[in-house]
């Protein structure tokens, strides 16, 4: 070693720098550092080792082993908007997002050439397929079920690639303008229907309460007078109005008298109608009456 250093020192500072660079390059070929979120897939003479290495410091056999790093963190992949046709023949534009991670680095590197591109393609295909199997109302209202179904389908396909798909979410569903106007009209009609039903139910309840109130007033005539006084108390709050009052204390008595007088008049008319009529005058008397009238 001392002789080697002496020989290098004979070349001066330039020789030492060159020697240092060569040593560092040689060390970098078989000494590697793998981060905590990475795993190293090692190939020995072209054959992959059974278990990935890392994290930490890894020493490779020069010229025999080589490695390739795989990121095991969760990857967010945006699925481009897809033009789909639902089961009820409505054209929609759907985009989604997928969250996945590499669960088996060896499979992700050996079984598929580019697991990112493969996962993207299968996600787009599954999104169009699932959207075509459901109707528009289900696509808008039951999105959680569709997301769960998408996740199961994509994860089943990518399981052999060492990729674990955790979540697939539909971000947006774009509808044609004509369909948006039609849905707006439908929603407006539904709101008007509910408003009419609520109004009808209110009218029915009010009618039932009024019927019950009328029955109470019919049993107790004094209740009408109390209701009248309550109404006066309510409208007397406004001081800028003129109120015309009428006496209701003896209203039922006045009505009774009027009804009694009407019954008496009706009885008199009936008696006159039933009374016998006087007999008609003879012809002679009639002629004398005419003669006297003539004179």
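The values are calculated or read from the model by the stated rules, or taken from the named source; none is laboratory data. None of these values were measured; they are calculated from a predicted model. When we count neighbours, we look across all protein chains shown, and the Cβ atoms used for this are built from the backbone with ideal geometry, even at glycine.
Structure summary
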{"read-out": "Single condition residue 121 does not satisfy, out of (1) loosely packed, with under 14 Cβ neighbours inside 10 Å; (2) in contact (Cβ under 8 Å) with a residue 40 or more places away in the chain; (3) in a helix (DSSP H, G or I)", "value": "(2)"}
{"read-out": "Strands (runs of 3 or more DSSP E) completely within region 16-72 that count 1 or more residues being in contact with a helix residue (DSSP H, G or I) (Cβ under 9 Å, 6 or more places away or on another chain) and modelled with pLDDT of 85 or more", "value": "38-44, 65-71"}
{"read-out": "Exclusive hit being part of a loop (DSSP other than H, G, I, E, B), touching a residue at least 24 places away in the same chain (Cβ under 8 Å) and surrounded by 14 or more Cβ atoms within 10 Å (Cβ to Cβ), set 97, 92, 112", "value": "112"}
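For (1) closer than 30 Å to residue 73 by Cα; (2) in the same structural domain as residue 103 (by TED's automatic domain parsing), each residue gets a yes or a no:
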{"site": "141", "(1), (2)": "no, yes"}
{"site": "144", "(1), (2)": "yes, yes"}
{"site": "147", "(1), (2)": "yes, yes"}
{"site": "161", "(1), (2)": "yes, yes"}
{"site": "169", "(1), (2)": "yes, yes"}
{"site": "194", "(1), (2)": "no, no"}
{"site": "202", "(1), (2)": "no, no"}
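Here's the yes/no breakdown for (1) over 24 Å from residue 83 (Cα atoms); (2) touching a strand residue (DSSP E or B) at 6+ places or on another chain (Cβ under 9 Å); (3) in contact (Cβ under 8 Å) with a residue 24 or more places away in the chain:
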| residue | (1), (2), (3) |
| --- | --- |
| 128 | no, yes, yes |
| 131 | no, yes, yes |
| 140 | no, yes, yes |
| 145 | no, no, no |
| 160 | yes, no, yes |
| 167 | no, yes, yes |
| 179 | no, yes, yes |
| 182 | no, no, no |
| 203 | yes, no, no |
